[in-house]
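Working notes, structure below.
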Amino acid sequence: MTAHYHILGAKQFNRTELEELFDSAARMEDRETWNTDPRFAGKIMTTLFFESSTRTRLSFESAMSRLGGKVIGTENAAQFSSTIKGETLEDTIRIVSGYSDIIVLRHTDIGAAERAAKVADVPIINAGDGAGEHPTQALLDLYSIRKECGRIDGLTIAMIGDLTYGRTVHSLSYMLANFQNIKLLFVSPENVGIPSYVKHYLEEQGVAYSETENFEDALQSAEVLYQTRIQKERFPSIEEYRKAEGRYIINRDILSRMRKDSIILHPLPRAGEIAPEVDEDPRAAYFRQAQNGLYIRMALVEKCLTF
């Protein structure tokens, strides 16, 4: 089987690779170059999503189209694929590999992307695997931090909300270990704290972190507030969800107590944890962050298809 460049997890990237991707993403922001590269003419991307998505799926599909390729796929593969007939993920990937040049996979199971990569004849991009990882989201998060703050080294970054099931937090934490003098502040209810395996990795890499339930601890210390949704669909019971629901909400009052040089990020969608009144504040960077997803994913598709 031919070797391919897969995007499977955040730990696969070193700093040099990250900087190269960020430079490529910056190049992709030049709209005059869209649809002009003959390397992608006739190339086909399959988006295979077993879990719901708006931003990730559409930004990947837009990325492929902007590069000059084509897209096929399904937004509800759990219902509208042969999986409902009992077909394994591995067999699905073997078949779809014959139809396309690259596969973007979102799945409910942790480790699904790695399973797919073992049998695929084309590059696999992990677009989220259950409560595991979301490496392309972490890449656009880092790219956004660099654009908004002018640097990544030396920042204090507060991650707020559902840190147990929040795969974006896991991937971003892993990637931040590539940078110098980073401080991470994990702010969460007790029942959705950052997992021990993430903390263990940070300790191995020498990354400073602390944990708290107090939102106020982040407001004056962090240059980046990375707010996340309390993911009702991932909790084992409604009782556990209610313990965490509505604990941390960024509103006008919170804005008044934040650092003037800080930014607010959110992987989206939001579900009440950032009030609409915050949107007009220049520190609210989450819509700019979502737009950056297009550029990062264009850079990733380019890398995978030209490896």
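The values are calculated or read from the model by the stated rules, or taken from the named source; none is laboratory data. Computed from a prediction, not measured in an experiment: that's the story for all the values here. Counting neighbours? That spans all protein chains shown, and the Cβs are built from the backbone with ideal geometry, glycine included.
For ARG242, work out the one condition from (1) outside any loop (DSSP other than H, G, I, E, B); (2) within 23 Å of ALA290 (Cβ to Cβ); (3) not hydrophobic (A, V, I, L, M, F, W, C) it doesn't fulfil. Tallying (1) outside any loop (DSSP other than H, G, I, E, B); (2) within 23 Å of ALA290 (Cβ to Cβ); (3) not hydrophobic (A, V, I, L, M, F, W, C), ARG242 fails exactly one: (2). Examine segment 205-217 for a residue that is touching a helix residue (DSSP H, G or I) at 6+ places or on another chain (Cβ under 8 Å), touching a residue at least 12 places away in the same chain (Cβ under 8 Å) and closer than 27 Å to ILE7 by Cβ, and state whether such a residue exists. Checking segment 205-217: at least one residue is touching a helix residue (DSSP H, G or I) at 6+ places or on another chain (Cβ under 8 Å), touching a residue at least 12 places away in the same chain (Cβ under 8 Å) and closer than 27 Å to ILE7 by Cβ. Taking segment 204-220 as the search range and keeping residues that are at pLDDT 95 or above and buried (at least 18 other Cβ atoms within 10 Å of the Cβ), which one is nearest to ILE254 (Cα to Cα)? The extreme case among them is TYR209.
The sole residue among THR36, THR92, THR54 that is under 17 Å from the mean Cα position of the chain (by Cα) and polar (S, T, N, Q) is THR54.
To keep it simple, each residue is scored yes or no on (1) of a type outside the set (A, V, I, L, M); (2) under 30 Å from PHE179 (Cα atoms).
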position	(1), (2)
GLU19	yes, yes
ASP37	yes, no
VAL71	no, no
GLU114	yes, yes
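ALA271 versus (1) among the aliphatic types (A, V, I, L, M); (2) buried (at least 18 other Cβ atoms within 10 Å of the Cβ); (3) part of a loop (DSSP other than H, G, I, E, B): which is the lone unmet condition? Status for ALA271: all satisfied but (2). On inspection, LEU255 fails the criterion of being in a loop (DSSP other than H, G, I, E, B) and modelled with pLDDT of 90 or more. Out of the residues in segment 82-96 meeting the condition of being of a type outside the set (D, E, K, R) and surrounded by fewer than 18 Cβ atoms within 10 Å (Cβ to Cβ), tell me which one is modelled with the lowest pLDDT. Only one residue tops the list, namely ILE84.
Is segment 252-271 home to any residue that is more than 29 Å from LEU18 (Cβ to Cβ), without any contact (Cβ under 8 Å) to a residue 12 or more places away in the chain and acidic (Asp, Glu)? Explain how you work it out, then say what you get.
Step one: filter segment 252-271 for residues more than 29 Å from LEU18 (Cβ to Cβ), giving 252-257, 271.
Next, only the ones that are without any contact (Cβ under 8 Å) to a residue 12 or more places away in the chain stay: 253, 256.
Still in the running and acidic (Asp, Glu): 253.
Yes, that holds for at least one residue.
Yes/no matrix, rows are residues, columns are (1) crowded, with 16+ Cβ neighbours inside 10 Å; (2) under 20 Å from PRO135 (Cα atoms); (3) touching a strand residue (DSSP E or B) at 6+ places or on another chain (Cβ under 6 Å):
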{"residue": "ALA3", "(1), (2), (3)": "no, no, no"}
{"residue": "LEU8", "(1), (2), (3)": "yes, yes, yes"}
{"residue": "GLN12", "(1), (2), (3)": "no, yes, no"}
{"residue": "THR16", "(1), (2), (3)": "no, yes, no"}
{"residue": "LEU21", "(1), (2), (3)": "yes, yes, no"}
{"residue": "SER24", "(1), (2), (3)": "yes, yes, no"}
{"residue": "ARG27", "(1), (2), (3)": "no, no, no"}
{"residue": "ASN35", "(1), (2), (3)": "no, no, no"}
{"residue": "ALA41", "(1), (2), (3)": "no, no, no"}
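Scanning segment 6-53 for residues that are among the aromatic types (Phe, Trp, Tyr) and modelled with pLDDT of 95 or more gives PHE13, PHE22, PHE40.
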